[in-house]
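Take a look at the structure below.
Just so it is clear, none of the values below were taken in a lab; they were calculated from the coordinates. Note that this is a predicted model, so its numbers are computed, not measured. Here Cβ is always computed from backbone atoms with ideal geometry, including for glycine, and neighbour counts include all displayed protein chains.
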Amino acid sequence: MKRLALVALLAVAGCATPEAAPPRAPFSVPVPAPVGVSDPAPIPEEGKNDCQAELSFRPDGPLPPPGAPPAGSTMAEIGKRKLVVGVGSNAYLLGYRDPRDGRMLGFETAIVEEVAFAIFGGDRARIAERIQYRSLNADERIPALVAEENPVDIVLAGMTMTCERWAQVNFSSAYYSSRQRLLVHRSSGVRSIDDLGGKKVCASNGSTNLRPVAQAASHPVPVGAANTSDCLLLLQQGQVDAVSTGDIILAGLAAQDPATQIVGPSLRSDPTGIAIAKPRLDLVRFVNAVLEKMIADGTWKRLQGDWLATHIGEADPPTPRYRSE
């Protein structure tokens with residue numbers, strides 16, 4: 001009898017409904033941000049803008065024949081080695097490495113090759129062999145030019161000519177006039193900076209692009225990153241709502257991600273020049289002569305058409321402007 005009672009008890013226990021497990025909070029893994037992100041970004045103090053930053057130094061005269069720079073000049077010294085060039089961090093359409101063969105390509109790369117050919121001459125098809133590229137973030141460009149050891153000779157990295165920078169380095173005449181705009185997701189509904197009140201907008205640390213974002217009447221939140229490629233990654237991850245920099249750089253980002261588009265009126269327009277260390281004034285004048293030749297013979301127009309026109313429209317070269325000396 002006891003045995004039957006125990007069996008019945010076990011049967012009842014076996015039919016009991018177990019208590020439901022307590023609900024668990026959804027598990028999520030934070031998306032890691034690239035190294036060097038500042039949120040919000042510190043905004044550099046606004047420097048003076050009374051130096052006529054678009055004015056460079058007039059060439060000494062016509063270019064010498066390719067490969068025959070003046071004796072004792074900076075160009076002659078470079079001619080004994082390679083031209084060392086600071087470029088942006090993989091700026092598609094401007095200066096980037098082709099993943100198939102490692103060659104540097106882009107609008108700025110083509111300008112570098114014109115400068116190099118004027119210095120070295122020889123076989124134009126092999127001029128890339130005489131160039132050494134060094135990838136730089138925005139806040140590394142001027143230190144790389146003024147370094148006591150292993151400095152770069154020139155920097156082509158979408159670098160805006162400002163009075164503050166002129167105090168530290170020299171610039172060529174402008175090789176492009178860049179307009180600061182916005183890159184956003186096509187589905188975002190954003191059409192201008194006015195739509196980004198309280199939203200995060202990314203620009204490179206140390207660039208001139210952070211201040212216009214911080215000063216916008218809609219009060220977006222400026223976020224700094226090591227470079228614009230990191231800004232694009234943050235946009236793709238949903239950690240920022242827009243990227244802001246010059247339209248020639250944004251064109252490369254948009255070409256890499258068809259889900260994005262360039263929108264809005266220009267936040268500012270600035271001349272973009274080739275940066276060169278202060279003591280090398282002869283190199284500044286030489287580079288300006290190269291740029292003049294590129295404009296006169298149609299090379300500039302052809303390169304703009306090859307690399308940029310499809311993405312931001314055709315443009316005319318900037319008119320060289322020089323200081324009174």
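What the phi angles of segment 278-286 give under the Karplus curve with 6.51, -1.76 and 1.60, with θ = phi - 60°, is a coupling list of 3, x, 9, 5, 5, 5, 4, 5, 5 Hz, glycine and proline written as x. The helix-based estimate of mean residue ellipticity at 222 nm for the chain, built from -39,500 (n - 2.57) per DSSP H run of four or more residues and divided by its residue count, is -8500 deg cm²/dmol to the nearest 500. Pairs of lysine residues in the chain that meet both criteria, 8 or more places apart or on different chains and Cα atoms under 30 Å apart, total 11.
Within the chain, DSSP assigns beta bridges of which about 60% are antiparallel (rounded to the nearest 5). Using a simple spin-label model with pseudo-atoms 7 Å out from Cα toward Cβ, V84 and D101 lie 2.8 nm apart. Take 231-241, 251-261 and order them by the average number of nearby Cβ atoms within 10 Å per residue, most first; the result is 231-241, 251-261. Spin-label model, L63 to R268: label points 7 Å out along the Cα-to-beta-carbon direction sit 3.2 nm apart. Peptide packing for 283-293, 160-170, 62-72 was compared via the average number of neighbouring C-beta atoms within 10 Å per residue; ordered from the highest value, the list is 283-293, 160-170, 62-72. The phi torsions of segment 144-156, fed into the Karplus equation with coefficients 6.51, -1.76 and 1.60 and a -60° offset, translate into couplings of 5, 6, 9, 4, 6, 10, 6, x, 7, 7, 9, 10, 10 Hz, rounded to whole numbers, with Gly and Pro shown as x. Couplings 3J(HN,Hα) of segment 298-307, computed from phi: x, 5, 4, 4, 5, 5, 4, x, 5, 10 Hz, in residue order, whole Hz [Karplus 6.51 cos²θ - 1.76 cosθ + 1.60, θ = phi - 60°; x for Gly and Pro]. Applying 1/(1 + (r/R0)^6) with r as the Cβ-Cβ distance of S187 and Q256 and R0 = 22 angstrom yields a FRET efficiency of 0.80. Once the Cα atoms are used to define both axes, helix 107-120 deviates from the longest principal axis of the chain by about 40 degrees. Does segment 179-269 come out rounded, prolate or oblate, given a ≥ b ≥ c as the square roots of the eigenvalues of its C-alpha gyration tensor, rounded meaning a/c under 1.5 and, failing that, prolate meaning a/b above b/c? Taking the square roots of the gyration eigenvalues as a ≥ b ≥ c, segment 179-269 is rounded.
Label reach from Q237 (point 7 Å along Cα→C-beta): in segment 165-204, amide nitrogens under 16 Å belong to 200-204.
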